[in-house]
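Some notes on the structure that comes next.
Every read-out reported here was derived from the displayed coordinates using simple, explicitly stated rules and does not represent laboratory data. Please read all numbers here as calculations on a predicted model, not as lab measurements. Positions of Cβ are backbone-derived with ideal geometry, glycine not excepted, and every protein chain shown enters the neighbour counts.
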Amino acid sequence: MSAPTASRGLRRYVHSKDHRPDLPQVVIGLAVTKEGIWVRVWSWRGNTSDTSVLPGGPRRDAGLAARPGRHGRRPSEARHRQRARCEDRIRDAKDTGLDRLPYADAPSNTIWLQIVLLAIDLTTWTQQLALTGEWRLARPRTLRIRLFANAARHITASRRRIIDLDPDWPCVTTVHDALKHLAW
């Protein structure tokens, strides 16, 4: 089935990241305060590139690419790394629940977003304080599937806390090491 070709106003039948060529695309930008209050909303044609609407306009750094900047890096290379880190954070937020807004009204979704941000913070601090090796750099989805989704029993006996994990579970040593690292 081929995609429709007619476009009206801002709607454009262009490449869809959801692999839905039958739906028109519109680019929406949203400015919010620190509290999450909407300040301004922009909309652009569906075939508008991110780089053309971000502050500073389209990137024109062909002349800068040949000259090294601070620390011997090219400015364009540093900018690409920043962009990649930003996209990694967005992917991690979506894996944590940002892409599933469960409510129809904005105030309820604001609470959901706060919960997602809290989950991201808890995951990040867990990685920094308790985990080592490859687990410290793992994506939230990997941690959720391999480490956090394990059945365990929390037992308190004689003023001692005991975590009873299944010994046949493949990541049991990682969790034991993390708890020891925290001196739990």
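For residue 151, the shell of other residues with beta-carbons less than 13 Å away shows a net charge of -2, using +1 for Lys and Arg and -1 for Asp and Glu. Among 86-92, 119-125, sorting by the average number of other beta carbon atoms lying within 10 angstrom of each residue, highest first, gives 119-125, 86-92.
Say R0 is 45 Å: what FRET efficiency, to the nearest 0.05, do residue 81 and residue 16 get from their beta-carbon distance?
Efficiency, from the Cβ-Cβ distance: 0.95.
Mean silhouette area of region 128-184, derived from the convex hull of its C-alpha atoms and averaged over all directions, reads 4.2 nm². Summing Lys and Arg as +1 and Asp and Glu as -1 over all other residues whose Cβ lies under 11 Å from the Cβ of residue 119 gives a net charge of -2. A Förster radius of 30 Å, combined with the Cβ-Cβ distance separating residue 88 from residue 161, puts the computed FRET efficiency at roughly 0.30.
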